[in-house]
Ligand code: KG4
Ligand code: ZN
């Protein structure tokens, strides 16, 4: 089984071809980062236009790199949400046209499910596993027991963790996207220089909160002369605080997961923020402490890509979970709504 994946929900236009034996035949991304950088964040209209300009050529190139033709595809998968609606429309429309013309099944993939199942593509992981999903728009802990089978243990009460990285970067004058910029700056900073709050630390549940941390950074910036050294120290101290918060929340989730899924032995981290080496190290140590295996996809498959959409498409197609051509893109689409909870 070979599936084409299309991803257009935010600021990357992406197309990929994946085989059910887990081979990625091609995986292309056109990043619009430079288009959005002057605005310090993603501008939806610019994103939608850029997706429209790139998607056709990108699909053609993905086929050429995989040395296959439309006729060799067994399904067409595209992100159906959640995300910026203009972009999702462009990707879905393209996928529907290909599916219609070549008479192939259409799979509307939930973007979060793409992130959630990436570790199965990269590591051939078995269900169930505990997933920490950390991206620009989401911060959740989920028990994953199959495509469409998610039990949410916790979520953020305010900002997503990637959003906290992006906003903090802006406060200290680092470029968009903030995550990689903060990680880079943090290498030269002292992580114990600023005692930023560790939100929710010690609370019994698995929820997150990052707005207080962001406010603490804002207050520090107001009272500090911002130069290269203080930027590095703030970045390092911020990253450390995020690491401790994620570790504490994930530890609680692991306890719950162990009782609910005794067969599960793996902690997975996914989503753009999972590209962060410090956070990966913190979570790897936690997993080791709890006798869990730790899996983090390679950084380029943590950030938005179409291979993960093609893979989720394959898993859905294997279970005949296809969609009709009247599928309506969804700007909001919580993972639990997919649920056939076990
Ligand atoms: O998954 P993703 O590519 O897009 C969404 O679905 O949101 O995640 C993007 C987010 C951004 O907030 C970005 O700043 C963050 O992931 N990010 C990072 C790193 N690379 C990307 N955060 C921390 N450290 C990184 N190295
Ligand atoms: Zn994403």
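Descriptive notes on the structure:
- Computed extension gain for residue 46 through residue 288, at 0.36 nm per residue and net of the alpha carbon distance, reaches 82.7 nm.
- DSSP bridge orientation in the chain - percent antiparallel, rounded to nearest 5: 60
- For 102, 19, 111, order by how many other beta-carbon atoms lie within 10 Å, fewest first: 102, 19, 111
- The ranking of 46, 182 from fewest to most other beta carbons within 10 Å of each one's beta carbon is 46, 182.
- Annotation for residue 69 and residue 244: the two label points, set 7 Å from Cα along the Cα-Cβ direction, are 6.2 nm apart.
- Part-to-part distance (alpha-carbon centres) for the stretch 184-207 and the stretch 7-40, which is given in Å: 31
- Counting beta carbons within 10 Å around each of 74, 248 and listing the fewest first gives the order 74, 248.
- The alpha carbons of the chain give a radius of gyration and a Dmax of 19.9, 62 Å, in that order.
- Net lengthening on full extension, residue 318/residue 263 (0.36 nm per residue, minus Cα-Cα): 17.5 nm
- Adding -39500 (n - 2.57) for every DSSP H run of four residues or longer, then dividing by how many residues the chain holds, sets the calculated 222 nm ellipticity at -14000 deg cm²/dmol.
Here, each number is a calculation from the coordinates, and none is a lab measurement. Quantities reported herein were computed from a predicted structural model and do not represent experimental measurements. Neighbour counts run over all protein chains shown; Cβ positions are idealised from the backbone, glycine included.
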